[in-house]
Every structure is written in C-alpha cells, then in structure tokens.
1. Using the basic label-point model (7 angstrom from Cα toward the beta carbon), what is the A:Leu240 to A:Phe119 distance in nanometres?
2. Please give the calculated 222 nm ellipticity per residue for chain B, where each DSSP H segment of at least 4 residues contributes -39500 (n - 2.57) and the sum is spread over every residue; nearest 500 deg cm²/dmol?
3. Which order do A:His311, B:His184 take when ranked by solvent-accessible area (1.4 Å probe, heavy atoms of all protein chains), largest first?
4. Mind checking the dipole of chain A: about its Cα centre, +1 per Lys or Arg Cβ, -1 per Asp or Glu Cβ, Debye to the nearest 20?
5. Find the sum over both chains of the accessible area lost when B and A are paired, probe 1.4 Å, and report it in Å² to the nearest 100.
6. Kindly work out what percent of the DSSP beta bridges joining two residues of the stretch A:368-464 are antiparallel, to the nearest 5.
7. In sequence order, what are the phi-derived ³J(HN,Hα) couplings for the stretch B:327-338 according to the Karplus relation 6.51 cos²θ - 1.76 cosθ + 1.60 with θ = phi - 60°, rounded to whole Hz, with x for glycine and proline?
8. Using the Cα centre of chain A as origin and beta-carbon charges of +1 (Lys, Arg) and -1 (Asp, Glu), tell me which of A:Val422, A:Phe72, A:Ser27 is placed farthest towards the positive end of the dipole.
Number of protein chains: 2
Amino acid sequence: MEKIALPKGTRDFGPEQMAKRQFIIDSIKKVFQKYGFQPLETPAMENLSTLTGKYGEEGDQLLFKILNSGDFLKDASQPNLEARNSKLLTPDISEKGLRYDLTVPFARYVVMNRHEIVFPFRRYQIQPVWRADRPQKGRYREFYQCDADVVGTDSLVCEAEIILMIKDSFKSLGINDYTIKINHRDILSGLAEMIGATGNESSLFVAIDKLDKIGEEKVKEELKARGFNESSLPVLFETLNFQGNIQQKVEWLSKKMTSSEKGKKGLNDLTTVFSLLQTFGSTDEHVELDLALARGLSYYTGCIFEVKINHVAIGSVSGGGRYDNLTAVFDAKEKSSGVGFSFGIDRLYDALEELNAFPKNTTTSTTVLITHLDEGSFPFALKIGQAFREKEICCEIYPDRLKIKKQMEYADRKKIPFVVVVGPEEVQSGLLTVKNMETGNQSKLSLDEVVAMILDFNSKIFKHK
Amino acid sequence: MEKIALPKGTRDFGPEQMAKRQFIIDSIKKVFQKYGFQPLETPAMENLSTLTGKYGEEGDQLLFKILNSGDFLKDASQPNLEARNSKLLTPDISEKGLRYDLTVPFARYVVMNRHEIVFPFRRYQIQPVWRADRPQKGRYREFYQCDADVVGTDSLVCEAEIILMIKDSFKSLGINDYTIKINHRDILSGLAEMIGATGNESSLFVAIDKLDKIGEEKVKEELKARGFNESSLPVLFETLNFQGNIQQKVEWLSKKMTSSEKGKKGLNDLTTVFSLLQTFGSTDEHVELDLALARGLSYYTGCIFEVKINHVAIGSVSGGGRYDNLTAVFDAKEKSSGVGFSFGIDRLYDALEELNAFPKNTTTSTTVLITHLDEGSFPFALKIGQAFREKEICCEIYPDRLKIKKQMEYADRKKIPFVVVVGPEEVQSGLLTVKNMETGNQSKLSLDEVVAMILDFNSKIFKHK
C-alpha cells in the first residue's frame with residue numbers, strides 16, 4: 001500500500017467537525033449580515049508583489065510560494081542557480097503565493113475596484129489562509145479567518161457596532177463568559193508622551209503588549225534594555241495597573257494626559273463609543289478598557305479590540321481595530337479610514353469543545369433513517385423516504401439488504417436521531433414504526449404524524465440561537 | 001502607484017456575485033443534505049505523492065506545485081540544477097501541490113479513515129480546485145466543484161437518488177429545460193464487443209464521446225485512423241443513431257447485445273434504475289439514454305451521467321458515475337464501490353445569468369437602510385436600527401452626516417430594498433417614513449408595522465424554492 005498522509009499542519013474536516021464548524025460560521029455570518037455586511041471572496045493565490053513586504057520580514061518567510069508552471073528554470077538567473085541561493089532564486093521561479101490573511105487581499109480589492117465600490121463599504125470574508133509556520137497544538141498551516149471590515153467612514157458608530165456584533169456572535173454561540181478588551185492607539189501615544197518616550201512608541205507598545213504573558217518585572221527589564229528611562233517606569237505602571245471600571249479609568253487618564261492632544265483624542269473617541277453603545281440600547285457589560293492592549297506592530301491607528309473567553313486555556317478568539325492607511329500600501333493617494341475585526345474559527349471551535357457548549361444535534365443534518373425488514377418492504381421504504389424529503393426533512397434510506405440490528409447500529413454510529421422501520425406489517429397498515437434513538441422510545445404513527453414530530457424536533461434544534 | 005493585479009485565471013467575487021453564487025451553493029447543499037449527504041472538507045494542499053499520476057500526464061502538468069519552505073535548494077540535485085532541467089528538479093524543491101479536483105482527496109480521506117468511517121458513507125464537498133490551465137472564457141485556474149458521493153454500497157438506489165437530486169437541484173435553481181444524459185460503461189463494452197473491438201474500448205469511448213462536438217464523419221475518421229475495422233462502423237453508428245425513448249432503446253439494444261454478458265448487465269442496471277425511479281414516485285422526464293456518452297478516460301465502471309441545460313451555450317453543468325476501484329489507487333486491497341456526481345458552480349452561474357433566472361433580491365441580504373435627516377435624529381436612527389436587528393432583519397445604519405438624497409442614492413446603488421428616513425418629525429411622532437426603493441412608494445408606519453412588512457417581504461424571497 002502506498003504511504004498516504006496529509007501535509008504537515010493541515011487537516012481534514014469530517015462530517016462531525018464540519019457540522020460544528022458550520023454552526024460557528026453560520027452563527028457569525030448571520031450576525032455580520034444583520035449589521036449590513038456583504039460577502040467578498042478573493043482567490044487563494046495572489047501575486048507575490050501583492051503579498052510581499054506587507055507582513056514584515058518574518059511574514060514574508062511564512063508565505064507559501066507557488067512554483068511557476070512549465071519550464072520555470074528557463075529565465076532563472078545562472079549565478080543564483082550556481083550559488084544555490086534559495087532566497088535570491090525564489091523571485092525567478094515563483095510569481096504567486098497563497099494568501100497569508102484576508103486583510104491585504106481586501107485592501108487590494110478595494111484599491112482595484114475603488115471606482116465601482118459604493119462607500120462606506122462593509123464586507124465580510126470567511127476563507128482559509130496559509131502560513132508556513134512550524135505546526136504545533138492549535139497552530140495550523142491552513143486555517144480559517146472570518147473578517148468583517150467597513151472602509152470609507154471614520155464614524156465611531158462602526159466601533160460601537162463591532163462591540164454589538166461581538167456580543168451578538170457570542171450570544172449565538174452560547175458563550176456567556178468573555179471579555180472584550182478595548183484600547184486606543186492614541187491613548188497609547190498619550191502614555192508614551194506622558195513618560196517622555198515619544199518617538200519610541202513601537203518598542204513601548206510591543207513591550208507592554210506582553211504584560212499579561214510575561215508579567216510586570218520582565219516587561220520592565222525589556223523596557224530598560226530598550227533604553228527607556230528607569231525613572232519614567234513608575235508612572236507608566238501606575239497607569240497600567242490602575243483598577244476601576246471604564247468611566248473611572250477614563251476620568252483618571254483624563255487628569256493624567258492633559259498635555260497630550262493625542263491622548264485626549266483617544267479618550268474622547270472611547271467616550272463616544274461607549275455613549276453610542278448606550279444609545280444602541282446596550283451597555284459596557286463584557287467590555288474592559290485595557291491600557292496594556294497594543295495589538296503588536298500592526299497598522300492600527302484608532303480603537304483596538306481583542307476578545308478572550310474567560311476560564312478557557314485559549315488565546316484571544318477575536319481582534320481588530322481602526323486603520324487609516326490600509327489601502328495606502330497599494331496606492332499612497334488612497335487613504336480611506338476603515339475599521340474591522342476578525343474571529344478565529346479554530347480557536348472558537350476549541351473553546352466550544354472545552355466548554356462542551358456545542359448545541360446538541362449539530363452532528364448531522366440527517367434527521368431520519370429509513371430501514372427495511374425485507375426485500376418486499378423496500379419499495380415502500382423508498383416511497384416513505386421520498387415523502388420525507390418532499391417535506392424538506394433530511395432523510396437517508398438504507399440502501400442494502402442487511403439485518404435490522406445492523407441498520408440500527410448504522411443510525412446510532414452516525415447519530416441520526418430517528419429511525420423508521422418498514423416491514424410487511426407497516427406496508428399493510430400504512431402506519432410507521434418510529435424509534436427515537438436518544439430515548440429509545442418506539443411508536444406507531446401515520447406518515448403525517450411522523451412528519452409533524454420531526455419538523456417539531458427540527459424547530460427546537462439550535463434553539464438558544 | 002504600485003501596479004496591482006490578480007493572478008491570471010483567478011477572480012474576486014464581490015457582494016453581488018457572492019450573493020448569486022451563495023444562492024446556487026445553498027440550493028444544491030440543501031438538496032445534498034435532504035438525501036442524507038454529510039459535508040467533508042479537505043486541505044487545499046496535498047502531498048504531490050497523493051496527487052501525481054492520478055490525472056494522466058497532462059493532469060500532472062496542470063498541478064500547481066508549492067515551493068518547499070526555507071532553503072529549498074539545499075537538497076536539490078546538482079546535476080538537475082546544472083542541466084536547468086525544470087521537470088527533474090521539481091520533486092527536489094516541491095513536495096506539495098494544490099488539489100486538482102475533489103475526488104482524489106475524497107479517496108485519500110476514505111482510505112486514511114476507513115476504520116472510523118461508517119459505510120455506506122455519503123459525503124458532499126464544495127470547495128475550490130486549482131488547475132494551471134491556459135485561462136480562457138469560462139475556464140479559470142481557480143474554480144469551485146460541488147461533489148456528492150456514496151461509497152461502500154453497490155445499490156442502484158444511489159443512482160436513482162442521484163437522478164432525483166439533480167432534478168431537485170434544478171427545481172431549486174429555477175431551471176426547467178435540461179437533459180440528464182445517462183449511459184453505462186458495460187453497455188459501451190457491449191458496443192465494443194458487438195463490433196469486435198474488445199480490448200480497444202478506450203480508443204472507442206474517447207472517439208464516440210466527441211460525437212456531438214465534432215460530428216459523425218470526424219468520429220469515423222478518427223476510428224479508422226485508430227485501426228478500427230471499417231466494416232464494423234455501420235452497425236456501431238446504427239446503434240448510436242437509434243432514435244427512441246428509453247424503453248425503446250433498451251429493448252432494441254437487448255436484441256442486439258444478446259451475446260455480450262457485460263452489455264446485458266449494463267442494460268439490466270439501467271432498467272433497474274428506471275424502475276426504482278418510478279417506485280420513488282418520479283419519472284424518466286428530463287432523462288435520456290445517450291449511447292455516445294462515455295465521460296472520457298475516467299475511472300467509471302457502471303452508470304455514467306452528464307447534464308446539459310438546453311438552449312444555453314454552455315457545456316455540461318454536471319456529471320458523474322459509478323466507480324468500483326477509486327480507493328484502489330491508494331490501496332490495492334481497498335476496492336469499495338461508489339457512485340458520485342458533481343456540479344460546476346461557474347457554469348451554473350453563467351447559465352443562470354444567460355437565462356436571466358436568478359431570483360430577484362439575491363443581490364443583498366441587507367433589507368433596510370436607516371437614514372437620518374440631521375444630527376439630532378441620529379440617536380433615534382441607531383435605536384431603530386438595533387430594533388430591526390433584534391427581529392433578525394439585516395439592517396445598515398448610514399453612519400455619516402450626508403444629504404438625504406445621497407443616502408438614498410447609496411441604498412439605490414447597493415440595491416437595498418427599503419429605506420427608513422428618520423428626521424425630527426419621526427423622532428417626535430415615533431412613526432417611521434419608509435420608502436420601497438423598487439416601487440417608490442412611501443408610507444408612514446409604526447415600527448411594528450415596518451417590521452411586519454419587511455418580514456413578509458423576506459418570506460417571499462426565493463419563493464420558487
């Protein structure tokens with residue numbers, strides 16, 4: 001037998017996993033649509049000129065590159081070949097790569113279609129991305145991202161709506177204990193100003209972003225090593241460690257940041273977002289102003305978000321923020337403000353598994369299996385099966401002649417909730433024997449009664465949505 | 001500005017195209033599920049050892065290959081490098097490729113998971129595939145396939161169910177004029193026997209498969225060139241050209257193929273499939289026995305199908321058949337009979353466009369835009385928007401201060417069917433001004449009345465399903 005395997009870091013999703021993933025994706029998609037977002041899909045392959053240089057040097061190395069078709073060595077540089085220099089040879093033999101995220105393809109789409117797009121443009125995109133990362137638990141080389149962005153408006157209503165969408169999504173998913181961390185890049189700039197570190201914002205943000213991972217002492221060491229003045233650190237950590245609700249934090253910061261225009265702008269934005277949230281009829285429940293949240297070295301320029309499910313050993317399941325210059329990477333003149341966020345499907349999946357929170361009966365869409373006792377009953381089984389399908393009931397007809405016990409086992413292993421048994425008696429009376437596979441209850445009912453029972457059962461599935 | 005473009009043969013799908021594609025995919029998926037099929041997804045990348053040799057030499061050349069990560073030249077053969085031999089160097093620098101179809105990954109999945117899978121296993125799979133083909137009108141380098149297969153049973157009920165599924169899918173899609181061509185590999189073998197061409201089946205099948213493309217004369221020439229005895233051709237074409245309904249064709253062939261065991265088996269299978277179709281309460285309407293249908297040089301061993309939409313300048317939109325040895329490519333001991341078929345989403349899309357058959361309002365899921373006349377009315381607009389969302393109505397709130405005419409234009413360009421206008425009057429009275437963007441009708445209604453109107457509108461969408 002030929003040895004067969006999956007490429008490292010990739011996975012198959014069988015029926016059971018697919019049903020659960022579908023539950024997550026459908027729940028989120030429904031929320032995206034409810035807030036007026038429209039779908040976009042971009043190709044798996046992009047030109048390397050589109051992808052390269054957008055994710056830092058490390059990101060460039062994690063791009064999967066596609067070998068040019070045909071005689072790819074024809075135009076390859078002889079010196080690069082002779083030197084066996086993989087890095088220099090790559091552009092000679094590869095023009096395309098697999099997308100690394102959904103944000104850069106989105107920016108590319110917006111710039112390429114800016115004359116047709118009606119702004120503000122709200123798009124969602126749910127597609128796999130690929131990274132040649134070292135695979136490990138929870139980290140894959142192919143995984144799904146689930147993004148929603150609005151570009152072409154700087155209205156803070158969008159930020160408030162993102163908080164609403166995150167809340168609605170978790171409600172649909174049946175997750176109640178989670179925290180939406182929010183911060184603002186300008187507040188971070190205000191912090192930098194406060195400690196006399198203007199110009200060194202990047203190092204500061206990268207360091208404090210690690211606060212909950214490596215702790216205060218280690219962050220202090222890193223800052224000192226990066227040349228931050230030791231005397232500035234107490235006021236920094238006093239601020240980062242300030243305890244209080246959002247309003248208290250904002251008031252406290254307002255007093256500290258009186259001299260920073262940026263800081264004041266950031267606080268003002270946040271205050272507006274929370275006031276809009278109230279106008280929407282929502283509250284700041286689940287929301288926390290986290291001054292240590294920096295979201296790495298990314299392109300964000302305004303509010304930033306990150307979402308964690310509490311008491312679950314999984315990193316953030318969602319993140320995002322406002323950016324003012326995303327499309328400028330393709331066209332310097334094209335500076336449209338946008339704000340977006342993304343759910344990580346794989347992490348949500350793991351969290352729901354850990355919480356045992358997948359609704360019952362996500363396993364299969366098939367609700368009923370028609371079994372038959374003997375060959376003579378088979379035509380009646382076919383008729384009954386088709387009658388269910390005409391009522392939009394998902395139904396499988398066991399196709400082979402097999403002992404009824406084996407057919408029952410089949411339904412059981414496939415977690416099909418109802419089995420209809422058709423035998424000579426059923427053919428004669430027209431009444432069906434139905435077994436509820438969960439309770440074991442068996443009853444004799446007319447076709448119409450079975451249909452009504454199953455439709456009722458189906459209507460109760462995913463009820464918490 | 002940096003020059004940006006999509007890779008050749010790939011496409012973005014913007015909101016309008018996505019909505020139409022979603023309509024096709026949802027319609028088909030619903031039918032697949034109704035017949036008990038469960039979803040499977042496999043990774044975009046497969047090991048080249050899994051893909052190579054499965055699609056013929058031409059297919060191997062059309063595989064997109066992924067450059068190994070890191071220093072890919074490290075272990076490359078020096079002679080191959082020096083000879084600049086792309087073909088020989090490829091296995092040294094590339095281990096993975098993009099999937100070429102959904103059938104080989106499915107077979108790989110079945111073999112890898114054969115101890116966990118409950119057979120008969122019914123899976124559907126809707127994912128993109130990639131081929132480094134020369135792009136041309138209607139032919140892309142990335143396109144979606146939409147497959148359903150059953151493995152682990154040789155019951156002809158599956159063939160009958162495939163015909164039912166094709167019929168149901170076309171009904172959902174609103175396509176009424178189409179032909180399901182059916183044939184059987186054993187009938188083709190019977191034909192070969194009839195004309196003394198046993199052993200040369202492949203050449204025969206390839207040639208007659210082209211009958212409707214290149215015509216009888218050209219096929220005859222090809223057969224002669226391939227060494228078929230000229231005297232055998234009249235009886236071949238008499239058979240291929242025989243006119244009649246399915247029953248008449250079967251009867252006629254039964255008389256001609258008395259000496260071919262295979263031919264008799266094929267005819268017997270077809271007769272059974274049609275009788276099962278009747279038991280299911282269906283008919284042979286839309287179905288045609290096409291003796292020239294051969295489906296190329298593929299792995300089929302039993303019934304074969306192909307579907308054409310009539311009076312539309314597009315090739316077949318669906319095809320499939322029974323195979324007995326699919327999994328044997330990975331494990332010679334693993335011979336499980338299966339039958340499957342596939343829809344081509346891109347061709348269905350083009351056909352529906354050509355027929356102008358997409359249902360109205362597939363364009364957007366957003367049903368209502370909330371506009372506002374002035375800043376003072378904006379908070380009320382937010383409240384109203386959220387009220388719609390709580391009723392599961394997809395709603396966008398125009399976020400910026402802009403003249404009402406411009407906001408209306410926005411709704412019009414995005415094809416949002418309803419616009420609610422909120423101004424000081426509405427804030428005071430609580431009554432909403434609603435404009436139906438299609439009819440231009442404007443009315444003043446309470447929130448509950450607008451909600452009822454829009455829910456009623458939504459319930460009528462895709463009604464022909």
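1. 3.7
2. Rounded to the nearest 500, the figure is -12500 deg cm²/dmol.
3. Listed by decreasing accessible area, they come as A:His311, B:His184.
4. That gives chain A a dipole magnitude of about 400 debye.
5. 9400
6. The antiparallel proportion sits near 50 percent.
7. Coupling constants for the stretch B:327-338: 6, 5, 5, 9, 7, 4, 7, 9, 10, 10, 6, x Hz.
8. With unit charges placed on the Cβ atoms, the residue in question is A:Val422.
The values are calculated or read from the model by the stated rules, or taken from the named source; none is laboratory data. As the structure is a computational prediction, the values presented were derived from the model and not from experiment. Every residue, glycine as well, gets a Cβ built from its backbone with ideal geometry; the counts of neighbours run over all protein chains shown. Only protein heavy atoms, including side chains, enter the accessible area calculation; ligands, DNA and RNA are left aside. Shrake-Rupley method; radii C 1.70, N 1.55, O 1.52, S 1.80 Å.
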